[in-house]
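The values are calculated or read from the model by the stated rules, or taken from the named source; none is laboratory data. This one's a predicted model, so the numbers in the text were calculated from it and none came from an experiment. Cβ coordinates were reconstructed from backbone atoms using ideal geometry, including for glycine residues, and neighbour counts include every protein chain displayed. Heads up: the accessible areas ignore ligands, DNA and RNA and are worked out on the full protein's heavy atoms, side chains in. Shrake-Rupley method; radii C 1.70, N 1.55, O 1.52, S 1.80 Å.
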Amino acid sequence: MISFRNALVTGGGSGIGKAIAEALAGEGVDVTICGRRLDALEAVAGANPRIHAQVADVTDENSVAELYETAQAARGAFDIVIANAGMAASAPAGKTSLALWQQTMDVNLTGAFLSVRPAVDAMRKAGGGRIVFIASIAGLKGAPYISAYVASKHGV
């Protein structure tokens, strides 16, 4: 049986990520939360000694590598990774710029991939672990003004 002791929650400074981090910490798991806004991360981490804040950009492979290196040196390998970081912007499909489309894919889809990839080998060697991707109902049913978001969450 795997004993879960160390988790990573991307986008852990607010919303669903914050709630997941707090729930895991409440179950005795050490949780590293990451995001781009240090103040939000520190506010969450300051409320629970099991939650640890680290700035990281999930769209940047080097930033994710540094996140893993720093957090795992302090607390060991992650046996739970929650790919939660995401963004949403709205524009009519015909007016969605390529830059907005690409940014949404980078954060929501590529960011999810980059967030979990470094954990796979360690989990395999440890005999297991948990990887969870947070998607959206929008990935199942489209809606006006969020074509990039819908496509990215469908991909997740």
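Remarks
- Filter result for Ala53 (within 16 Å of the chain's Cα centre (by Cα), in a strand (DSSP E or B), of a type in the set (Gly, Ala, Ser) and surrounded by 15 or more Cβ atoms within 10 Å (Cβ to Cβ)): yes
- If only residues of segment 115-126 that are within 11 Å of Val81 (Cβ to Cβ) and either acidic (Asp, Glu) or open to solvent by less than 90 Å² (accessible area, probe 1.4 Å) (or both) are counted, the one that is modelled with the lowest pLDDT is Ala122.
- Test for Ala85: is it open to solvent by less than 30 Å² (accessible area, probe 1.4 Å) and assigned to a loop (DSSP other than H, G, I, E, B): yes
- Every residue from segment 56-67 that is outside any loop (DSSP other than H, G, I, E, B) and either at positive phi or surrounded by fewer than 22 Cβ atoms within 10 Å (Cβ to Cβ) (or both): Glu61, Asn62, Ser63, Ala65, Glu66
- Scanning segment 73-105 for residues that are within 15 Å of Val31 (Cβ to Cβ) and either without any contact (Cβ under 8 Å) to a residue 24 or more places away in the chain or of a type in the set (Asp, Glu) (or both) turns up Ala74, Asp79.
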